[in-house]
Every structure is written in structure tokens, then in C-alpha cells.
Amino acid sequence: MATFEVYKDKAGEFRFRFKASNGETMFSSEGYKAKASALAAIESIKKNASDAKVDDHTKG
């Protein structure tokens, strides 16, 4: 099962990473001063990601 993993970085900020069911990290967040902000970002991703479009900026 895929998982959002919340942790504190060396600077003391809260971050999260999204791990696939095989344990591989798919992406990581920016740092947040408050844990509640990191959790809110996770909820926003969960709510809005299914409607996200792919905007490919590569050539050909």
C-alpha cells in the first residue's frame, strides 16, 4: 500500500515523502515549520491529485 511518511528534517522542519507499495520514494515535499501544514498539504494532494493534468514541457 502506498504511504505518506511525515518526518522532521535536520533543520527541524516537517516534510513528507510519498512511498509506493514497494517502499520506493516517489516524491518528497518542501519543508514546513508546522506539522499541521505538512498534513494539510498531504490532504490537499489526496483531494486534488485525481484531477491533475500532465503538463509536459519537454520537446518532441
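The values are calculated or read from the model by the stated rules, or taken from the named source; none is laboratory data. This structure is a prediction, so every number in the text was calculated from the model and none was measured. Counting neighbours? That spans all protein chains shown, and the Cβs are built from the backbone with ideal geometry, glycine included.
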Original post:
What number of residues within the range 25-52 satisfy the criterion of being of a type in the set (Phe, Trp, Tyr) and loosely packed, with under 12 Cβ neighbours inside 10 Å?
Top reply: 1
Subject >> Conditions (1) outside any helix (DSSP H, G or I); (2) modelled with pLDDT of 95 or more; (3) of a type outside the set (Gly, Ala, Ser); number of the one not met by Lys53 >> reply: (2)
Original post:
Does Thr3 satisfy the criteria of being of a type in the set (S, T, N, Q), surrounded by 11 or more Cβ atoms within 10 Å (Cβ to Cβ) and modelled with pLDDT of 95 or more?
Top reply: yes
Original post:
Counting only residues that are within 14 Å of the chain's Cα centre (by Cα), assigned to a loop (DSSP other than H, G, I, E, B) and of a type in the set (D, E, K, R), which one in the range 14-50 is nearest to Ala2 (Cα to Cα)?
Top reply: Glu24
